[in-house]
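Okay, so here's the structure we're looking at.
None of the figures in this text is laboratory data; all of them are computed from the coordinates on show. Since the model is a prediction, treat every value here as computed from it, not as a measurement. A quick note on method: Cβ atoms are made from the backbone with ideal geometry, for glycine too, and the neighbour counts reach across all protein chains shown.
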Amino acid sequence: MCGIVGAVAQRDVVPILVEGLRRLEYRGYDSAGVAVIDGDAHLARTRSVGKVRDLEARLDGHMAGATGIAHTRWATHGRPATENAHPHICRKTVALVHNGIIENHEELRRAQTKLGFEFTSDTDTEVIVHEIYRHLADTHDLLEAVRRALPALRGAYALGVITSEAPGRLVAARRGCPLVVGLGIGEHFIASDVAALLPVTQRFIFLEEGDVADLTRERVTIYDASGQIVERPVKQSELSADAVARGEYRHYMLKEIYEQPRAITDTLTNRIGLHHVYDEAFGTGAAAIFDTIEAVQIVACGTSYHAGLIGRYWFEALAEIPCSVEVASEFRYRRPRLAPHTLFVTLSQSGETADTLAALAHAKTIGVEHTLAICNVPESALVRQSGLALLTQAGPEIGVASTKAFTTQLVALLLLVASLGRRGHLGGDGERRIVGLLRTLPVLTEQALSLDAAVQSWVPAFANKQHALFLGRGTQYPVAMEGALKLKEISYIHAEAYPAGELKHGPLALVDADMPVVAVAPGNELFEKLHSNLQEVRARGGELFVFADAKNGITADERTHVITVPPTDDLMAPVVYTVLLQLLAYHVAVSKGADIDQPRNLAKSVTVE
Ligand code: F6R
């Protein structure tokens, strides 16, 4: 989703802003722009549709200034076009970048038009810059103008604002969208996330809901939602500037797929003893809370939702704890009834997904007492707003298609199953088994990665297809859903997943020679059932692509392609088979020349509804 960078310094900030935008590219965008206050105290702006490199080509050393803001835009209101790109400027005096959505923009636009403001874009954002200008004309104080303007806005925002009236000043505000302040020496910055600023600082302040920050070269002053000056903790980031580099890999997605053995190891480190899971891994007071838990409600979106669906099988089968899973955008608008003593679990890579945050808030309003976030970003709103948290240690995930965040979420869910289950049916022995298996997972994941060349050999069968079906049973059904999502989002091939037993209730009608059918077939008690379903596909002339456990003994023939997977315990199979499906989606998308790390229309961090 939109990315913001801003800086106030003594040196020219344009290179810092452009590098920051490049580092935010992964969030997804369709246009970019930068505005600075130049040496004559005038606002200068350059915008372009397309990539940051297109913006850079336009800039080509023509613009310089010591105070500036920049933006990558992901279109919501108004098509991707130069006039809709940020920064937006009012009367050559105020420039603004915005992430989020202003819900009452039409109302404000009507009122401002009556006051004589001219609109040059179709965005919801432009009303903010006019509103700030209106108050600046009265107060001649940028901070005061922003603070007076904010109450008129309904919706979500992270903002960066500069004015030619105060060349050494940058004002920022957040409500509903993430924003960090980066602290330098004699220079300060803002950005949507720390990755943008790692080349210039590793010291950050994470703004809280309703905060307004006033930045000059000398100081950063933060005001909370009630207008009081507050001290927010300064966090030292452990990420180095090249932690988000692509290294030798052609795409971030491939790098992140290959990082999974390491990410899983890191997620287990300090969370497990020899035979058990440390309750403290979930946060202070987790043990006492877990003693009271009788049910689990999981809420998430997209790939994280798929992880939750797999978790449900485990909570119910292993820990014998009732578990429901729902997509956040549905949960937040239902009137859900949760059983007493329910643990409300949110899953999210970014921790900033608007629907998941709203679902968490909704859960609290209906009386949920105990909340746990499984999340990859320690400073995210989701972690801050949850009672307990287990941080996945996947490291920054840059590719829009989530990979290592998903498999580490599965690891985190198994830790939770072991911890809650120990208190009941699963007992110490069951916990010991889970912990023992988890220790083998990094090696199993390496083994799956070693099948990369075999997976690539299937690519020609998919590259020219319009559709694909994915089949699985049990925990492999959500794995199939995840495989289908990966394929559709990065290769634009329409892919659907079905529980294999559902085929004959409708989707079988679609099967023909042009519909590749992918099946995930680990060696479990459901294999025979799955095998029968695959015969149904074969009998209708369908072409099968089966990832099968060696012990299943599936044989390949002209229309049945098999990649044999080393024998894997059923509990670890969702991670192992997901890695194979990630590789399949990746290589198919590469063969189609798709934009792997920034698929069209998608954003990494979905901070709007
Ligand atoms: C798909 C993908 C998305 C995200 C979803 C939730 O590859 O990445 O479906 O899983 O937008 O995002 P988070 O996990 O950040 O809440």
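Rundown of residues vs (1) without any contact (Cβ under 8 Å) to a residue 40 or more places away in the chain; (2) hydroxyl-bearing (Ser, Thr, Tyr), yes/no style:
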{"site": "493", "(1), (2)": "no, no"}
{"site": "496", "(1), (2)": "yes, no"}
{"site": "517", "(1), (2)": "no, no"}
{"site": "520", "(1), (2)": "no, no"}
{"site": "525", "(1), (2)": "yes, no"}
{"site": "532", "(1), (2)": "yes, yes"}
{"site": "547", "(1), (2)": "yes, no"}
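Given (1) within 16 Å of the ligand (Cβ to nearest atom); (2) touching a residue at least 24 places away in the same chain (Cβ under 8 Å); (3) in contact with a His (Cβ under 9 Å, 6 or more places away or on another chain), where does residue 480 come up short, assuming only one miss?
Going through (1) within 16 Å of the ligand (Cβ to nearest atom); (2) touching a residue at least 24 places away in the same chain (Cβ under 8 Å); (3) in contact with a His (Cβ under 9 Å, 6 or more places away or on another chain) one by one, residue 480 breaks only (3).
Might you check whether a residue that is of a type in the set (Asp, Glu), surrounded by fewer than 24 Cβ atoms within 10 Å (Cβ to Cβ), more than 23 Å from residue 595 (Cα to Cα) and without any contact (Cβ under 8 Å) to a residue 24 or more places away in the chain occurs anywhere in the stretch 66-86?
no
What's the total number of residues in the stretch 333-386 that are touching a residue at least 24 places away in the same chain (Cβ under 8 Å) and aromatic (Phe, Trp, Tyr)?
1
For the stretch 90-137, how many residues meet the condition of being in contact with an Asp or Glu (Cβ under 6 Å, 6 or more places away or on another chain) and of a type outside the set (A, V, I, L, M)?
Qualifying residue count for the region: 4.
Would you call residue 220 touching a strand residue (DSSP E or B) at 6+ places or on another chain (Cβ under 9 Å), aliphatic (A, V, I, L, M) and touching a residue at least 60 places away in the same chain (Cβ under 8 Å)?
So residue 220 fails the test.
What do you reckon, is residue 164 among the hydroxyl-bearing types (Ser, Thr, Tyr) and over 22 Å from residue 352 (Cα atoms)?
Taking the combined requirement at face value, the residue satisfies it.
Under 22 Å from residue 210 (Cβ atoms), in contact with a helix residue (DSSP H, G or I) (Cβ under 7 Å, 6 or more places away or on another chain) and surrounded by 20 or more Cβ atoms within 10 Å (Cβ to Cβ) - does that describe any residue in the stretch 114-123?
Looking through the stretch 114-123, none of the residues is under 22 Å from residue 210 (Cβ atoms), in contact with a helix residue (DSSP H, G or I) (Cβ under 7 Å, 6 or more places away or on another chain) and surrounded by 20 or more Cβ atoms within 10 Å (Cβ to Cβ).
Tell me which helices (runs of 4 or more DSSP H) are completely within the stretch 274-382 and hold 2 or more residues being buried (at least 17 other Cβ atoms within 10 Å of the Cβ) and within 16 Å of the ligand (Cβ to nearest atom), or say none if there are none.
Qualifying helices (runs of 4 or more DSSP H): 302-317, 328-331, 354-365.
So which of 484, 500 ends up being under 19 Å from the mean Cα position of the chain (by Cα) and among the aliphatic types (A, V, I, L, M)?
484
In the stretch 479-528, what count of residues is obtained for those that are surrounded by 20 or more Cβ atoms within 10 Å (Cβ to Cβ), touching a Lys or Arg at 6+ places or on another chain (Cβ under 8 Å) and not aliphatic (A, V, I, L, M)?
2
Would you check which residues across the stretch 410-457 are acidic (Asp, Glu), under 14 Å from residue 258 (Cα atoms) and crowded, with 16+ Cβ neighbours inside 10 Å and list them?
452
Within the stretch 25-38, restricting attention to residues that are under 22 Å from the mean Cα position of the chain (by Cα) and not in a strand (DSSP E or B), which residue is nearest to residue 399 (Cα to Cα)?
That would be 26.
Within the stretch 570-590, can one find any residue that is more than 16 Å from the ligand (Cβ to nearest atom), surrounded by fewer than 24 Cβ atoms within 10 Å (Cβ to Cβ) and more than 30 Å from residue 437 (Cα to Cα)?
Within the stretch 570-590, one or more residues are more than 16 Å from the ligand (Cβ to nearest atom), surrounded by fewer than 24 Cβ atoms within 10 Å (Cβ to Cβ) and more than 30 Å from residue 437 (Cα to Cα).
Just name the residue that is nearest to the ligand (Cβ to nearest atom) out of those in the stretch 595-609 that are buried (at least 18 other Cβ atoms within 10 Å of the Cβ) and hydrophobic (A, V, I, L, M, F, W, C).
606
For a quick check of your reading of the model, give me the residue pairs whose first member lies in the stretch 564-584 and is aromatic (Phe, Trp, Tyr), whose second is surrounded by 24 or more Cβ atoms within 10 Å (Cβ to Cβ) and part of a strand (DSSP E or B), with beta-carbon atoms closer than 7 Å and at least 6 apart or on different chains.
Between residues of the stretch 564-584 that are aromatic (Phe, Trp, Tyr) and residues that are surrounded by 24 or more Cβ atoms within 10 Å (Cβ to Cβ) and part of a strand (DSSP E or B), the close pairs are 577/520; 577/547.
Where the second residue is assigned to a helix (DSSP H, G or I) and the first is free of Cβ contacts under 8 Å to residues at least 24 places away in the same chain and lies in the stretch 99-110, which pairs have Cβ atoms under 9 Å and are six or more apart or on separate chains?
106/127; 107/127; 109/126; 109/127; 109/130
What are the pairs with Cβ atoms under 8 angstrom where one residue, in the stretch 588-609, is within 18 Å of residue 74 (Cα to Cα) and in contact (Cβ under 8 Å) with a residue 40 or more places away in the chain and the other, located anywhere, is of a type in the set (Phe, Trp, Tyr) and away from the ligand (no atom under 14 Å from the Cβ)? Sequence gap at least six, or different chains.
From the stretch 588-609, the pairs are 598/29; 603/29.
Which condition does residue 366 not pass, out of (1) of a type in the set (Val, Ile, Thr); (2) in contact with a helix residue (DSSP H, G or I) (Cβ under 8 Å, 6 or more places away or on another chain); (3) over 18 Å from residue 271 (Cβ atoms), if it passes all the others?
Answer for residue 366: the failing condition is (2).
Being more than 29 Å from residue 252 (Cβ to Cβ), out of contact with any Leu (no Cβ under 7 Å at 6 or more places or on another chain), free of Cβ contacts under 8 Å to residues at least 12 places away in the same chain and small (Gly, Ala, Ser) is the requirement here; does residue 436 meet it?
no
Restricting to the stretch 19-45, give me the number of residues that are touching a strand residue (DSSP E or B) at 6+ places or on another chain (Cβ under 6 Å) and touching a residue at least 24 places away in the same chain (Cβ under 8 Å).
Residues that pass the stated criteria total 15.
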